[in-house]
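J.: Below is one structure. I have some questions about it.
The values are calculated or read from the model by the stated rules, or taken from the named source; none is laboratory data. Bear in mind that the values here come from a model prediction, so they are computed numbers and not experimental data. Reconstructed Cβ throughout: ideal geometry from the backbone, glycine too, with neighbour counts over all protein chains shown. Note: areas computed on protein heavy atoms with side chains; ligands, DNA, RNA excluded. Shrake-Rupley method; radii C 1.70, N 1.55, O 1.52, S 1.80 Å.
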Amino acid sequence: MANLFFPQLSTGAVAQYPLKKTRITRTITNLFADGSVISLPDPTATKLLWDMAYTDLSPADAHALQAFFQACCGPFHAFTFLDPTDNL
């Protein structure tokens, strides 16, 4: 399978504002018999959730997003997404 990249809009942007980025992390906590507690972060359990709403898209942009979704088979295939909130 070819490498999949999240499509850019015809304006060159990857997303429209407002967008929401949520980082979910997990902390592993051990409670010992003597009452002491050790808590450590679990870096392998970090997830990023994106909430992006697209409005007033051109037909070409809407088609590009729909074709991308079909190429990924919905949520089943990995793809490259450049974070629009990062300094690229």
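J.: What distance in nm separates the two pseudo spin-label positions at Phe5 and Leu49, each 7 Å out from Cα along the beta-carbon direction?
T.: It works out to 2.9 nm between the two label points.
J.: Just grab the label-to-label distance for Asn87 and Cys73, each label 7 Å out from Cα along the Cβ direction, in nm (one decimal).
T.: 4.0
J.: Which trypsin sites (Lys or Arg not before Pro) from region 1-62 combine a DSSP loop assignment with at most 10 other Cβ atoms within 10 Å? Don't jump to the answer; show the numbers that get you there.
T.: Working: sites: Lys20, Lys21, Arg23, Arg26, Lys47; in loops: Arg26.
Counting only loop positions with at most 10 other Cβ atoms within 10 Å, none of the trypsin sites (Lys or Arg not before Pro) in region 1-62 qualifies.
J.: Report the FRET efficiency, 1/(1 + (r/R0)^6), for His63 and Lys21, where r is their Cβ-Cβ distance and R0 is 30 Å, rounded to 0.05.
T.: Working: r = 26 Å, r/R0 = 0.86.
Result of the calculation: an efficiency of 0.70.
J.: Under the definition of Cα pairs under 8 Å and six or more residues apart, what whole-number percent is the relative contact order of the chain?
T.: Values: 92 pairs, mean separation 33.1, N = 88.
After rounding, I find 38 percent.
J.: I'd like the accessible area for Asp61: 1.4 Å probe, protein heavy atoms, all chains in place, Å² to the nearest 10.
T.: 20
J.: Note the angle between two axes, namely the Cα long axis of helix 59-71 and the longest principal axis of the Cα atoms of the chain, as a number of degrees from 0 to 90, rounded to the nearest 10.
T.: 50
J.: State the three equivalent ellipsoid semi-axes of the chain, derived from the C-alpha gyration tensor as the square roots of 5 times its eigenvalues, in descending order and whole Å.
T.: Numbers: eigenvalues 286, 47, 23 Å².
That gives 38, 15, 11 Å for the three semi-axes.
J.: Can you give me the % of accessible surface on region 11-88 that is carbon or sulfur? Probe 1.4 Å, all protein chains present, nothing else counted.
T.: Working: 3670 of 6160 Å².
In region 11-88, the share of accessible area belonging to carbon and sulfur is 60 percent.
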